[in-house]
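Structure record follows, encoded as structure tokens.
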Amino acid sequence: MATLVRYNRIPTFFNPFYGRPVINRYQNVNPNVPAVNVKEVEAGYQLELAAPGLKKEDLKINVENNTLTIAYKPEQKAEETTQKFTRHEFGFSAFERSFRLPKTVNADAIAATYSNGILTVELPKVEVKEEKLVKEISIA
């Protein structure tokens, strides 16, 4: 599960040979999972997922337990084709991406659009009232 803010789970001083090479640091580990850009804007966060060639009806977005999940499961068609390919690389496989939402996101007002192969999810911020940690107690 990914979060909106990326953090290092194991410090590099703990085991310097454990970390990934700098070249692959920002590349996807699994090539079947689409790349995602997350940026903070004034009104909230904006999540952009690269999903070219997909239909917006096939993408499913839901929020459960403060976790945003974007999933795609292709329809399995049993087609008979008479074409013979020398090389066949086109194909879409199922994927699912999950993001833990911060407390400042209003889950009821999340909106999504799909245009030119980019799924854009708007995550609006909501004001979080901070509780007063200091309380004066009178002595009886």
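The values are calculated or read from the model by the stated rules, or taken from the named source; none is laboratory data. Small disclaimer: the values here were computed from a predicted structure and weren't measured. A quick note on method: Cβ atoms are made from the backbone with ideal geometry, for glycine too, and the neighbour counts reach across all protein chains shown.
Per-structure values
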{"read-out": "Residue match in segment 13-28 (condition: assigned to a loop (DSSP other than H, G, I, E, B) and modelled with pLDDT of 55 or more)", "value": "no"}
{"read-out": "Residues (surrounded by 14 or more Cβ atoms within 10 Å (Cβ to Cβ) and more than 13 Å from LEU47 (Cβ to Cβ)) located in segment 92-103", "value": "PHE92, PHE95"}
{"read-out": "Residues satisfying the stated conditions in segment 107-133, i.e. in contact with a Lys or Arg (Cβ under 7 Å, 6 or more places away or on another chain) and surrounded by 13 or more Cβ atoms within 10 Å (Cβ to Cβ)", "value": "TYR114"}
{"read-out": "Cross-chain or 6+ apart pairs with Cβ under 6 Å, segment 109-125 first and closer than 12 Å to GLU48 by Cα, then of a type in the set (Phe, Trp, Tyr) and crowded, with 16+ Cβ neighbours inside 10 Å", "value": "LEU123/TYR45"}
